[in-house]
């Protein structure tokens, strides 16, 4: 039966358009579904995940969630992941607006083949892959959310927290679904190292059978979460009172991953040398490479505010922990 499903799924993928997107069409959420396909997930468990997603997209609560937003539409894609370099898009980007569209997507999920079979568990690489999918979605608006599910901790590839921090720095929210059949404490691991960004959260399922019941609640929450209009990029730098500024350095580190971004740590450690005016602004832009000017301006303005009344951690020109 699974062989027949695999064959039918491959035919469906070959016949499907590359993406059902309309340039410039507004959506409320861009959602990347990242499905664990590593060696710890057997064939039955993998298909239980897809069956759970299929049931969720048919659920009336999810239809109501999609239609509750101002644009009454979401963009979604699904990929499988395991070890470093083992990520494959199974269902490319499409926009879902109504019950008919959600049911059609559910049918695709139910018939989709498994394209990644086995491998290590590289959550950091999966997050990086999801970030690239969002960058190439062709959609300029809507909250950007990565929904990553798995049954184990990362054991290969890039550091998970560094990958998460890079995603959060770009304004992306990373949520987690921890499946506890292999590791009962996995939800705590996801909470500490995997999730991040505006409204980020973890939900857990006891096993792959329980996954079906939990995933619809998770998707409804992801779709209906209200975003902070300022975005999560540099909120710590924009704090306007000393008490908030005192914790700003820690939140800044968490937001932009200073240990993995020496060019940004240089700004902090000077401290915020880019307060000298336009010349330093240009130097900072060059140092930050392809980051957008508003973000650089935010860093500089935040630096001015912090230097005017620096918290203890910033005194003496360095970041003290």
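Bear in mind these aren't lab numbers, they're just calculated from the coordinates by the rules spelled out. From a predicted model like this one, the values you see are computed outputs, not experimental measurements. Glycine gets a Cβ as well: all are built from the backbone with ideal geometry, and neighbour counts include every protein chain shown.
Figures for the structure shown
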quantity	calculated
Sequence ranges 174-180, 84-90, 118-124, ranked by mean other-Cβ count within 10 angstrom, highest first	174-180, 118-124, 84-90
Cα-projected label distance for residue 209 with residue 43, points at 7 Å along beta-carbon direction, nm	2.1
Sequence-separation-based contact order of the stretch 27-74, relative, with Cα cut under 8 Å and 6+ spacing, percent	63
Kirkwood Rh in Å, taken over the stretch 106-148 so that all alpha-carbon pairs contribute	12.8
Least to most buried among 37, 154 (fewest other Cβ within 10 Å first)	154, 37
Cα centroid of the stretch 163-215 to Cα centroid of the stretch 62-81, whole Å	19
Cα pair distances of the stretch 156-215 binned at 5 Å [whole percent]	4, 20, 24, 23, 16, 11, 2
For the stretch 49-178: Kirkwood Rh in Å [reciprocal of mean 1/r, alpha carbons]	15.5
Relative contact order of the stretch 127-180, pairs being alpha-carbon contacts under 8 Å that are 6 or more residues apart, as %	48
Residue exposure sequence - 51, 108, 222, 100 - by fewest surrounding Cβ within 10 Å	100, 51, 108, 222
Per-residue Cβ neighbour rank within 10 angstrom, fewest leading, 201, 193	201, 193
Stokes-Einstein translational diffusion, the stretch 26-107 - Kirkwood Rh over all Cα pairs, 1.002 mPa s, 20 °C, in µm²/s	159
